[in-house]
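Worksheet for the structure shown next.
The values are calculated or read from the model by the stated rules, or taken from the named source; none is laboratory data. The shown structure was predicted, so the numbers you read here are calculated from the model rather than taken from an experiment. Side chains included, ligands, DNA and RNA excluded: accessible areas come from the protein's heavy atoms. Shrake-Rupley method; radii C 1.70, N 1.55, O 1.52, S 1.80 Å.
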Amino acid sequence: MSETSYPILDFTGLKCPLPVLKARRALKDKASGEGIIILADDPAAPLDFEHFCETAGHELQDVTRHEAHIAFTIVKG
């Protein structure tokens with residue numbers, strides 16, 4: 001599955017730990033190798049998603065900072 005076909009989930013406006021909890025729920029229904037793109041604006045999100053992916057066995061494939069949010073591409077392990 002290409003990154004452009006990953007579903008985009010907008011979690012802007014949510015504070016820790018909600019973006020990670022919602023990402024965990026979204027990945028639950030995915031097969032290994034499938035991904036999602038999360039949009040978040042919580043300043044703690046980069047560290048939170050890095051830790052989440054490391055501990056859960058997922059790949060944090062890309063982190064892109066935009067003016068209004070940060071986009072995280074996560075591939076299920």
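Per-atom-type breakdown for the chain gives carbon and sulfur 53% of the accessible area (1.4 Å probe, protein chains only).
Between L39, L14, L47, find the one with the highest GNM mean-square fluctuation for the chain; connect C-alpha pairs within less than 10 Å. For the chain, modelled as a Gaussian network with Cα springs under 10 Å, the answer is L47. Under 5 Å from the amide H of L9 lie the amide H atoms of I37, I38, L39, each residue being 5 or more positions distant or on a separate chain, with H modelled from the backbone and absent for Pro and chain starts. I'd like the orientation of helix 45-56 relative to the chain: the angle between its Cα long axis and the longest Cα principal axis, in ° from 0 to 90, rounded to 10. Approximately 30 degrees, to the nearest ten.
Calculated from DSSP H runs of 4 or more alone, at -39500 (n - 2.57) each and per residue, what is the 222 nm mean residue ellipticity of the chain, nearest 500? Working shown, then result.
Numbers: 2 runs with 23 residues, N = 77.
-9000 deg cm²/dmol, from helical runs alone.
From largest to smallest, the equivalent ellipsoid semi-axes obtained for the chain from the alpha-carbon gyration tensor read 18, 14, 11 Å.
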